[in-house]
Each structure stands twice: as structure tokens, then as C-alpha cells.
Amino acid sequence: MDWSWPVAAAVAAVLASWVFNMLVYLVWRPYAIARKLHAQGLRGPGYKFFVGNLGEIKRLRAEAAGVALDVNDHDFIPMVQPHFRKWIPLYGRMFVYWIGARTKPSVCLADMNVVKEVLSDRTGMYPKNLINPNLARLLGMGLVLTDGDDWKRHRKVVQPAFNTDKLKMMTVTMSDCARSMIAEWEAQLVGITKKAGAAVEVELSSRFEELTADVISHTAFGGSYGEGKQVFLAQRELQFAAVSTALNVQIPGFRYFPTKQNRTIWRLDKQVRTLLMDIIKTRLAAKNNTNGGYGNDLLGMMLEASSAPEEQGKTNPALMSLDEIIDECKTFFFAGHDTTSHLLTWASFLLSTHPEWQEKLRSEVRRECGDVAPTTNDVLNKLRLVNMFLLETLRLYAPVSLIQRRAGSDLELGGGVKVPEGTILTIPIATIHRDKEVWGEDAGEFRPERFENGVARAARHPNALLSFSSGPRACIGQNFAMIEAKVAVAMMLQRFRLELSPKYVHAPMDAITLRPRHGLPMLLRSVKN
């Protein structure tokens, strides 16, 4: 019997089925969903086969790639979120668009009432979204990305590490780390202080990355930047690898192919995991050698939560597995230093471009602290102008430009629009922070005094500052970040005048977090001169 015809027929049938499914997946279903949403008044740029609207997004970003702004221009939206700048005036504050070959739409939520509805939800209707799997390799499936019972369990373990008493102890460590950084700058000035107007140029953005990495290493993991340096360097490579794939069409299963980029990502992920495991093993060995506890920092608390019930002397099962601890370490090694370093970078930039505010803050620091490093909450709470300044920095230069959620089921958004399960809900923080209907006609201007009466009264909507998100999933480390920033800014102002270097090019870029594309070269002059 000739088996060639039946085999060929079977292959043809399989191919026909695959083509049919792809047509359904990539053509019929997206167009059907788009029609239903349009019928409800939710408009947007039309779906294009396979790529969605990625082509236009890439084109708009490419057009702005070489642009530099005036140092007094804070509107970087055409560079970072050009598609939102174009589409919101056309389609409104809530519209639908498409990211690549997906059957689920993306909905932009730039309406604060709808944003509040999503972020304040406590029922789990809007879980975290993970479009790019490389983010999980970078951040780990820790507090930032987990949902439901896993998130509650992780939060229960991690929350005590950031309570008021722990933050008080951490403040001293923060000032010690900042003092070490400042001492290096003072040493650089020693040889040139006799020259009139002597100044030393320092690239601040990279130095702040080292500072905040040192702080999180000491406070959360009982080490130092030197010990954790390889983790930070590998995570930085992973960060830019994740960014480089963010606007690629996500083909199912493609991340498992041994491409050059995938092999690099796998290598870095393995490297980070190995380095973190070495840190954990060191802590375990120290515990065994001393017959003591695991330590009173974040790592110690997580290890305590992972210990066997008989070791804990309890009947409760372990709250965290070793893999979960490694993921949580990824989360805090990255999130614990990266966002704060950029807050300090942009705060220093704004101090240098607004010398009148730099002098106001210096006067306040001298009045409340003298020449002593602020190491108590009582002193830090008196730095009202510093706090206002940092809040306005967070508004104009929020470290994270957008956040996303996902519709956990078919549900109805504000205004009665029904969206299907899996719909990606994008909240463009940077765009909302410049919305004149929310912040007033001066939304594009640097005005720290808008926070004079607190965050809730700074805008026309009480929840409009989204730099740390809001609601039950707000950043657990926001108080940690603000204390660290206040300490560092106060100590810099006690010793230096900041003047922007002529080399600086104002070109903010989004690489998961917002950073200056060309760094932040700054001239530092002693306040004693």
C-alpha cells in the first residue's frame, strides 16, 4: 500500500488547521473584539495584522530618539510616551490599542476616576500584568509581580522589615553610606580649593546607583555594595535586555529558542540566581555556626519564614520556599535601589536648575540639622521644603513612567465599558502627572509649593500622585525611599552647591525606570567657598 497520500493528506490537514487557528487568533478575534469595544464608544488606532500598533509606536519613538530638551523643559512625553501624546487628543483619556500578535487588547487609562477604581480594588479583579517574561527574570516573582494569596503571604513576611522601628534604625545606615560618598567628593576638592570658584565634576547618576545599592545591601541583606556588586551589574544587563525586547512582537514559545539574545538572558539570570544563593548560603552558615537566628533584616525574616516548622517551634507550615526567597531578593535588590537612585538623580538635576530652591532647602537643612547628618524621623519630619521638593520631583520625573494591570475576568470599567478577560490596562503615570485637568494650568511647571498642604490637596484629584502607585498594591518601600532621599539631599546641601555641567544633555529615557540618557555630570562646589 502506498502510504504517501495518507501522510500528505494528514500533514495538509494539520497545516490547514494551524492556518485556520492563526487566522482566528490574529485576524478574526482581534477585529471582533475591536468592533465590540468601538460599539461601546471605546475608540483607538485600528488593529493591524500581527503587529497591532507596534509599528506606529516604534516609528514615533524613533522620531524622538535624538531629541534633546531645554533644561527647563520637563515635557519628555514625546520622547518616552509619544503614542499616548498622539492618541489621547484623538480618542480620549480611555482608548483601546494593540501590542503585537495578541487576541487581548490594551486599554489606556488616563482618566483618574477609572485609575482610582482599578488601583483601589481589593477583590483581585485587576491582577498584575506581565507582557514581557524577561521582567520576571529581572524582578523575580516577588511582591511586585505576584497576585492573590501568594502576594498576601509574601507581604506578611516582608512588611515587618519596613515598619517604623526598622526604618529608624535604617536611617543611621543611610546617613553612614551617604557620608562615605560625600567624603570621596570632598577629597576630590581638597587639591583645588585654593582656586577661585573651584569645583569638581562628578557623574551623579552612576554614583547614586552605587549609593542606593550600598544602602539596600546593608539594610536588607546585611552586606555592602562591594559584596552585592555583581548582582547589581548582572541585573542592570538584564534590565536593558528586557527593555530591548519590550517592543518586539511576542511570538508564543519564542523565548525558549536558543537565540543569541535569549542565551544572554539565560546566562545573566543564572548568574544572578547563583550570586543570590551564595549570599543566602553565607547567612545560613553564620546561623549554624553561632546557633543564633537568621538576622533581623529582610533576608533574615525571609529565611525565618522558610525554615522548617520543627525548627521554628511551631506547627505552621513554612511561609516561603527557597525559590521564593531568591525571587524576593531579585525584587528588592533591583527595586530597592534603582528607583531611589533615579529620584536622587532628578532631584539633583532640579536643584541645579532652580538655584533659588536649592538655597531655600539649604537654609532649612541648616536651621533644622546644622552640620549634623539627619538620622532621626523627628528631624526629617521638620524638613518640609525638602519633602515638597522631592514630591514635585516625583511628579515630574516619576521613576516608573507607567504601570499595568489586567482584567482578571470579563468586567466593566468606569463609564460602563465592558472589556474581556485578559485585557491589559495601562496607566500612563508620566502623562497623568502632566494633565492640566488634574494638576491645573501649571502642570508642566516645576512648582514644589503645590504640595504645601500635602499630597491629597496638591491636585484636583486626591490620588493623582502615582509615583509609588496607590491603593493596596502601593510600593511597600515608599517610606524607605523618601527617608533615604531626604537624608542624601540634606547631607549634600550641607556641603555642596550643585551646578549643572555644560556637558549635560537633557534627554530623559525610559529603560523600565526613567533615567538621563547621557548621565548627569554635575559641578560640585564647597559651600564654604
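Things to note:
- Subset of segment 171-191 (residues that are outside any loop (DSSP other than H, G, I, E, B), more than 18 Å from CYS369 (Cβ to Cβ) and of a type outside the set (Val, Ile, Thr)): SER180, GLU184, TRP185, ALA187, GLN188, LEU189
- Residues in segment 370-394 that are more than 26 Å from the chain's Cα centre (by Cα) and buried (at least 21 other Cβ atoms within 10 Å of the Cβ): PRO374 only.
- Single match in ARG43, ARG61 (criterion: under 27 Å from ARG406 (Cβ atoms), modelled with pLDDT of 90 or more, out of contact with any Pro (no Cβ under 9 Å at 6 or more places or on another chain) and surrounded by fewer than 19 Cβ atoms within 10 Å (Cβ to Cβ)): ARG43
- For SER363, the criteria (1) touching a helix residue (DSSP H, G or I) at 6+ places or on another chain (Cβ under 8 Å); (2) loosely packed, with under 15 Cβ neighbours inside 10 Å; (3) part of a helix (DSSP H, G or I); (4) not aliphatic (A, V, I, L, M) hold in every case but one, which is (1).
Here is a yes/no grid of residues against (1) part of a loop (DSSP other than H, G, I, E, B); (2) modelled with pLDDT under 90; (3) of a type in the set (Phe, Trp, Tyr); (4) under 20 Å from PHE240 (Cα atoms):
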site: MET79; (1), (2), (3), (4): no, no, no, yes
site: ALA101; (1), (2), (3), (4): yes, yes, no, no
site: ILE131; (1), (2), (3), (4): yes, yes, no, yes
site: ASN134; (1), (2), (3), (4): no, yes, no, yes
site: ASP149; (1), (2), (3), (4): no, no, no, no
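- Residue pairs whose Cβ atoms lie under 7 Å apart, separated by 6 or more positions or on different chains, with the first residue in segment 236-251 and among the hydroxyl-bearing types (Ser, Thr, Tyr) and the second at pLDDT 75 or above, are THR245/ASN134.
- Flag if ASP165 is among the charged types (D, E, K, R) and touching a Lys or Arg at 6+ places or on another chain (Cβ under 8 Å): no
- Residue match in segment 253-260 (condition: part of a helix (DSSP H, G or I) and either at pLDDT 90 or above or crowded, with 20+ Cβ neighbours inside 10 Å (or both)): no
- The listed residue being over 21 Å from the mean Cα position of the chain (by Cα) and farther than 23 Å from LEU139 by Cα, out of GLY92, GLY124: GLY92
- Filter result for ALA456 (free of Cβ contacts under 8 Å to residues at least 24 places away in the same chain and not in a helix (DSSP H, G or I)): yes
- Residues that are in a helix (DSSP H, G or I) and under 24 Å from the mean Cα position of the chain (by Cα) within segment 491-511 are absent altogether.
- Contact map, segment 473-497: first residue surrounded by 19 or more Cβ atoms within 10 Å (Cβ to Cβ), second residue of a type in the set (D, E, K, R) and outside any helix (DSSP H, G or I), Cβ cut-off under 7 Å, separation 6 or more or different chains; pairs are PHE496/ARG525; ARG497/ARG525.
For every residue, the table says whether it meets (1) touching a Gly at 6+ places or on another chain (Cβ under 8 Å); (2) over 28 Å from GLU237 (Cβ atoms).
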{"site": "SER321", "(1), (2)": "no, no"}
{"site": "PHE332", "(1), (2)": "yes, no"}
{"site": "TRP346", "(1), (2)": "no, no"}
{"site": "GLN358", "(1), (2)": "no, yes"}
{"site": "ILE432", "(1), (2)": "no, yes"}
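- Checked against the criterion of being in contact with an Asp or Glu (Cβ under 9 Å, 6 or more places away or on another chain) and among the hydrophobic types (A, V, I, L, M, F, W, C), the candidates LEU390, LEU385, LEU351 yield just one match: LEU385.
- Filtered residues of segment 106-140 (kept if within 10 Å of ILE427 (Cα to Cα), in contact with a Lys or Arg (Cβ under 6 Å, 6 or more places away or on another chain) and of a type outside the set (D, E, K, R)): ALA110, VAL118
The values are calculated or read from the model by the stated rules, or taken from the named source; none is laboratory data. All values derive from a computational prediction rather than experimental measurement. So basically every Cβ, Gly included, is an ideal-geometry build from the backbone, and we count neighbours across all protein chains shown.
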